[in-house]
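Remarks on the structure that follows.
Please treat every number below as a calculation from the coordinates, not as lab data. This structure is a prediction, so every number in the text was calculated from the model and none was measured. Reconstructed Cβ throughout: ideal geometry from the backbone, glycine too, with neighbour counts over all protein chains shown.
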Amino acid sequence: MELRVLMYFVTVVQEGNISKAANVLHLSQSTLSRQIQNLEEELGSILLERDQKPIGLTDNGKFLYSRAQEMLQIANNTTEIIKSNELVTGELEIGVGEDRMQELVAETFGTLVRRYPKIKVNLHNVASDLIPREINRGILDFGFVSNQTNLADFHQLPINYQDRWGILMKKENPLKVNGTITPTDLANQRIILARQNGLIRGFKEWLGNVVKQVRFVGTYDMTVSMHSLVRNGVGMAVTFDRDTYHQESSEFTFIPLNDFTTAPVKLIWKKDRPQSQLEQLFVSEFQHVKP
């Protein structure tokens with residue numbers, strides 16, 4: 001598959017029909033149609049539902065559309081870095097959770113962008129478990145992980161930081177505890193877990209024998225989803241502490257888990273992938289940021 005043809009395919013999907021896409025691409029309609037047909041023949045699969053208005057996608061078309069966007073993004077980023085005459089340019093794709101690490105990345109780039117105004121950063125909210133996979137796929141350049149053990153293929157920069165984990169509940173929740181939450185406090189309670197395998201495993205080990213008495217009623221990826229579940233009484237959520245939870249105006253109460261620790265956070269990146277100047281600068285600068 002040629003990148004040029006993938007760009008044609010993506011444009012057709014985004015514009016909704018061949019005619020509009022041809023105008024955008026400055027091609028004749030017949031030329032564009034032939035290119036898409038050649039692509040379908042090359043793949044041995046129909047990609048477009050041409051009888052729909054706007055044009056729809058088959059299952060294989062949806063899969064290719066997702067991958068084509070990723071491939072074009074990687075190609076564009078690579079071309080921009082190589083062609084640029086600037087000493088430091090380009091952009092980084094960084095996977096990060098909704099915790100303190102976001103602030104640290106922003107602080108680092110705040111310093112770098114003042115020196116190199118043409119650089120860009122794209123933050124992706126990705127669950128820690130998925131970070132290594134996305135780096136291997138070339139979608140991310142860096143990512144933050146914790147509770148990960150199989151990292152032999154990655155450089156690792158330990159960060160002296162650990163989230164404080166606890167239970168988030170509505171303020172009017174009847175659960176009463178003495179300062180911190182112990183496993184027995186959660187017996188017969190409905191619990192919502194962050195969708196991170198390492199965290200789920202660690203939390204269930206912390207519960208010990210009480211794990212059989214806990215009612216696990218759901219999982220979440222994003223904080224906004226978790227807040228909605230707690231707000232509507234689905235259950236109480238296992239999450240990390242935030243300053244906003246302790247403000248008088250907060251609708252929630254956060255109580256830390258007693259004697260519960262997670263692995264320190266690590267910044268990781270691929271070992272066998274040559275680094276751009278921007279990537280090298282990011283790692284160097286990040287080492288000086290204090291959590």
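Along its first, second and third principal axes, ordered by size, segment 77-167 spans 49, 27, 19 Å in Cα coordinates. Per-residue Karplus couplings for segment 11-20, computed as 6.51 cos²θ - 1.76 cosθ + 1.60 with θ equal to phi - 60°, are listed in order as 5, 4, 5, 5, 7, x, 7, 5, 4, 4 Hz, Gly and Pro entered as x. Axis angle, to the nearest 10 degrees, between helix 59-83 and the longest C-alpha principal axis of the chain: 80 degrees. Remark on Trp269: its backbone amide H falls under 5 Å from those of His155, a criterion applied only to residues 5 or more positions apart or on other chains, H modelled at 1.01 Å from N.
List the pair-distance distribution P(r) of the chain, using every Cα-Cα distance, as the percent of pairs falling in each 10 Å bin from 0 up to the bin containing the longest distance, rounded to whole percents. Taking all Cα pairs of the chain, the binned fractions are 6, 22, 23, 22, 18, 8, 2, 0 percent. Relative to the longest principal axis of the Cα atoms of the chain, the long axis of helix 100-115 makes an angle of roughly 50 degrees. Gyration tensor over the Cα atoms of segment 165-256: the corresponding equivalent ellipsoid has semi-axes (square roots of 5 times the eigenvalues, largest first) of 19, 15, 12 Å. Neighbour counts of other Cβ atoms within 10 Å put Tyr8, Tyr245 in the fewest-to-most order Tyr245, Tyr8.
Step through the residues of segment 194-202 one at a time and calculate ³J(HN,Hα) from phi using the Karplus curve (6.51 cos²θ - 1.76 cosθ + 1.60, θ = phi - 60°), rounding each to whole Hz and writing x for Gly and Pro. Values, residue by residue: 5, 7, 9, 4, x, 5, 4, 4, x Hz. Under a model in which nothing but the beta-carbon of Lys, Arg (+1) and Asp, Glu (-1) is charged, segment 7-140 shows a dipole of about 420 debye around its Cα centre. Footprinting exposure proxy ranking of Thr180, Thr244, fewest other C-beta atoms within 10 angstrom first, gives Thr244, Thr180. For segment 2-112, the Cα gyration tensor yields ellipsoid semi-axes of 35, 18, 12 Å (square root of five times each eigenvalue, largest first, whole Å). Remark: relative contact order (the chain) = 21 percent; criterion is Cα-Cα distance under 8 angstrom and separation of 6 or more residues. Compared with the dominant principal axis of the Cα atoms in the chain, helix 29-43 is inclined by about 60°.
Cβ crowding within 10 Å, taken as a proxy for footprinting-reagent exposure, orders Val12, Val283, Val145 from fewest neighbours to most as Val283, Val145, Val12.
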